[in-house]
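Novice: For reference, the structure I am asking about is given below.
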Amino acid sequence: MATALIHFDDKQKQRLTRRARLRGKSFSQGVRDAVDLYLSVPVETEAELSAIAREASESADRSIAKLDETIAYLKKGLRSLRKSR
């Protein structure tokens, strides 16, 4: 296994450490996993990567909007149930 010196700012280091602990992994393994995930994205150009990121963001926005609709629907249903009791 090769070694590399990587400089993280304090917040990045804290977040990476916390995420690794949550997964029961070491900090180093967490960083290796993150690099593997990054490298697994099949892109050849920055434009392709930007397109994938844009699509993911739009998908997340749609999901959040659907969740907001569902929460509003459930709140309305709960209010109706409470009134009828």
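The values are calculated or read from the model by the stated rules, or taken from the named source; none is laboratory data. All figures in this text were calculated on a predicted structure; none of them were measured in a lab. Positions of Cβ are generated from backbone atoms using ideal geometry, with glycine treated the same way; all protein chains shown enter the neighbour counts.
Novice: Six or more apart or on different chains, Cβ under 8 Å: which pairs go from a residue in segment 6-19 that's free of Cβ contacts under 8 Å to residues at least 40 places away in the same chain and within 15 Å of Val35 (Cα to Cα) to one that's in a loop (DSSP other than H, G, I, E, B) and of a type outside the set (Ser, Thr, Tyr)? Could you list them?
Specialist: Listed by first residue and then by second, the contacts come to Leu16/Phe8.
Novice: Do you know which residues across segment 62-85 are more than 16 Å from the chain's Cα centre (by Cα), among the hydrophobic types (A, V, I, L, M, F, W, C) and closer than 30 Å to Tyr38 by Cβ? Explain how you work it out, then say what you get.
Specialist: At the first step, the residues of segment 62-85 found to be more than 16 Å from the chain's Cα centre (by Cα) are 65-85.
Within this subset, residues satisfying the condition of being among the hydrophobic types (A, V, I, L, M, F, W, C) are 65, 67, 71-72, 74, 78, 81.
Those that are more than 16 Å from the chain's Cα centre (by Cα), among the hydrophobic types (A, V, I, L, M, F, W, C) and closer than 30 Å to Tyr38 by Cβ: Ala65, Leu67.
Novice: Output the residues belonging to segment 42-61 that are over 15 Å from the mean Cα position of the chain (by Cα) and either in contact (Cβ under 8 Å) with a residue 60 or more places away in the chain or surrounded by 10 or more Cβ atoms within 10 Å (Cβ to Cβ) (or both).
Specialist: Let us first name the residues in segment 42-61 that are over 15 Å from the mean Cα position of the chain (by Cα), namely 42-51.
Hits for segment 42-61 are Val43, Glu48, Leu49, Ser50, Ala51.
Novice: Counting just the residues of segment 42-85 that are in a helix (DSSP H, G or I) and among the β-branched types (Val, Ile, Thr), which one comes out modelled with the lowest pLDDT?
Specialist: Residues of segment 42-85 in a helix (DSSP H, G or I): 46-84.
Keeping just the survivors that are among the β-branched types (Val, Ile, Thr) gives 52, 64, 70-71.
Details: Ile52: 87, Ile64: 96, Thr70: 97, Ile71: 97.
So the residue we want is Ile52.
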